[in-house]
Amino acid sequence: MVVSTTKQLPNTYNLWQRFSFSTEERSWDAVAVPSWVGDKLNSAYTFIISLALVQFWTIVLSLILFLALRKYKNDASKLDPLAVTLWNKRGDLVNSVTEMLGFRGADWTRPWLLISIFIAVAAGVAKTAVTIIVAPLIIIDHAAPVNPAAVYAPDDTATDNKTRAARFALEVPRFFRALGNAVVDDELRQRVKVSRAERLGQTENREDILRVDYSYGATGADLGIQKYFDLTFNVTGSCVTDYGWFQDSFDSEAVGAIDRYIIPFAGGFQFTSLVDGRQPSATFYLGSRTRGTLDESNTTWGALVSSVGRTSFSVGTDPWYLTAPILSNDTGAGNTVRLGRPGISCWQDDVWSYHGRNTTTAALTSGQLPGLNLSDALQSMLAQYLSSPIIQQVGLHLQASALMSATTSLDQIFDSSASSLHDDLERLVLTAYVVTINCLTDTTLYPTAAIGTVPNIAIGDRGVVPDDLGYVVWSPDVATLSTLVIIVIPTILVGVWLIAIVLLYLTPIKVVAILDSSSLQEDRKPDGREGNRPTASARNDMEEAKQEKK
C-alpha cells in the first residue's frame, strides 16, 4: 500500500505485460492495463458470470425436473403446472423466483419445489451480488511495473558541497508530499504507534524528564516490491529529554536570549534563539550505529528545539515549551518559553525480516535472507533511502515545518498549551512512515533534468537502469488485473455451457425438453391442477425417452 502523494505520468510505468504483484496476503500473477480497459473488462466479466449462473440454474432445474418426470414415468401432465413455467423461464432467475412464490396452484408439499426455490433464490442473489463480488476479483489494485527509463535515485555518496546541496534540494519535495498525507489521512495513525509521554522523573529544577516510544512497519507489498509480499521492515525507536546538553544562556541586544548547548552528535557549541525563526523549530542530528537487535541495526539521533524567547497567551507545561510569565509585552502575550529547553536523545532500530531470518538494510541480500533475490539496483536504492533513521531525515528536510507547534504560530506568538514533544514526534513519525513506504514510487517523480546535477544510483554497470528492478508504481489511470481470474471466469462459463449441452442433448435428461412444448402449456386447464394429455409431438418425445431408458 503506497500512500498516493502525486499522480504518476504515463511514461513512468509499463502496461500490457505480466508481472508479479504483491498484496498483504499473497503475490498475484497480474497484468496492468489502462483503467478504462479494466472497467470494460469488469462489466464484461460481470455479464459472463451472470450467464454462467443462468446455465448453472438450467442444469440444476433440468436434473430436478428429470427426476420428477422419471417418478411419473415421463408423463408431463402429472407434473405441477409450475414446473412448465419454471422451465420456460429458466433464463430469468429473478422472474423464476417470483413465479414460484406467486403461483397459486403450486403444491408446496412437493420437495422438488422447495429445493428449486432455495436454489433459485441462491442463484438469483448471487447474480444480483455479482457486480460487487467481481470487481475486486478482477481489478486487484491500480499498480504497474515501473518503467526503468523513468527511474532516478540521486546518489548520496558525493562529498562536495555543490552536489550535496543539489541533492538536498531534489529530496525536499518528497518529504513535503509525505507531510501533506500525514496531516490529512487519519487512517495512517492506525499504522504507526507513538506512546504517550512517560514521566521518568524530574531534574533538580523540578522539570519533567519524559520518554516517548514509537514504532511502525512496512511490508514488501507496502513498498511495492514484487514477489516478496511477506518481506517486512520493522522500525522501533525511543526518545528521552536530555537536559545535560544545555550549557548556559546569555543575552543579545539584537535577538534577546540565546541558549548554548553541546550536542554529542555535533562538534562545537550549538545555539538556539529567535535567529532560528519566529516560530518554534528544531535542528536534527545524526549519531552513530550501535548494536541493537542485530549488529549495527541501531542508530542514534537527536534533536534540539529552538523555542526560547517565543511568547504565548497560554501557559506551557511541556519540557520543550515550558513557559514563565512576563510583566510586559507589546503583543499582550503574558508568557514566554523559559531558557534551557532540553534536547532529545534518541535511538532507532531498523530490522528486515523474511521467513524467520533477520538482517539490516545494508545487508539486504539473499546471503542474509535466503530466498530473497532483489535486483542490485533495488538493493542500492533501499540501502540509500532506508539505511539511516527516516524520522531524522524528515526533520532535516522539513526544517521550519517539522514541528507541530509551528502550525500554531503567528509571528513569534504560538499556543504553548497546545504544543508538546509528543505531538511533534507523532507528526515526524507519521511523515517518516509515508516517506518509507513511498521511497520506491517516489523515484519516478524527480525532475527530468535532475540527472544532470546529481548521478543516478539506479544506473547499472551497462550505463542504463536495468529492466528487472522488481517494483511497481501506483496510478489511478492503471488497473491491475488478476490473470488467474481473467482465465478462470470464461473457463467456468464454457464449462457449465458444455455440461448443459451434454445433459440436455446427449443424455436421458433431454426428456425435459418435452416441457418446451407451448401446446403443453396451453392445453392445461385454467385452475392449473389438472391437465389434458400431451400433444402428439410431446408424446413422441416421451416415447423416445422411454425407449432410450430401456
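Please treat every number below as a calculation from the coordinates, not as lab data. Keep in mind that this is a model prediction, so the values were computed, not measured. Don't worry about glycine lacking a Cβ; one is built from the backbone with ideal geometry, like all the others, and counts go over all protein chains shown.
List of remarks:
- Translational diffusion of the stretch 293-341, estimated by Stokes-Einstein from the Kirkwood radius over alpha carbon pairs at 4 °C in a medium of 1.567 mPa s, is 102 µm² per second.
- Peptides 223-234, 176-187 ordered by packing proxy, namely the average of other Cβ atoms within 10 Å per residue, highest first: 223-234, 176-187.
- Gain on full stretching of the segment that runs from GLN190 to ASP376 - 0.36 nm per residue minus C-alpha separation: 63.7 nm
- Using θ = phi - 60° and Karplus 6.51 cos²θ - 1.76 cosθ + 1.60, couplings along the stretch 268-280 (whole Hz; Gly, Pro as x): x, 7, 10, 10, 10, 5, 5, 4, 6, x, 6, 8, x
- Annotation for ARG70 and THR203: the two label points, set 7 Å from Cα along the Cα-Cβ direction, are 9.1 nm apart.
- In range of the label at ASP330: residues from the stretch 225-258 whose backbone nitrogen is under 18 Å from the point 7 Å along Cα→Cβ: 252-257
- Backbone amide hydrogens, once placed in the peptide plane, bring ASN335 within less than 5 Å of SER312, ILE326, excluding anything fewer than 5 places away on its chain.
- Under-5 Å amide H pairs with ALA257, H placed in peptide plane, nonlocal only: SER252
- Highest average packing first - 384-395, 466-477, 162-173, Cβ atoms within 10 Å: 384-395, 466-477, 162-173
- Rg/Rg_ref, the stretch 395-480, where Rg_ref = 2.2 N^0.38 Å and atoms are Cα: 1.59
- Other-chain or far-sequence residues with amide H under 5 Å of GLY224's (modelled H): none
- Each residue of the stretch 184-189 is assigned a 3J(HN,Hα), and the resulting list reads 9, 9, 5, 5, 5, 5 Hz, derived from the Karplus form 6.51 cos²θ - 1.76 cosθ + 1.60 (θ = phi - 60°), x at Gly and Pro.
- Isotropically averaged projected area of the stretch 308-433, using the convex hull of Cα atoms (one quarter of hull area), nm²: 9.5
- Modelled FRET efficiency - R0 56 Å, THR159 with PHE47, Cβ distances, 0.05 increments: 0.35
- Note, ³J(HN,Hα) from phi for the stretch 425-432, Karplus 6.51, -1.76, 1.60, rounded to Hz, x at Gly and Pro: 5, 4, 4, 5, 5, 4, 5, 4
- Note on ILE501 and ILE133: with the Förster distance fixed at 35 Å, the Cβ-Cβ geometry gives a FRET efficiency of about 0.85.
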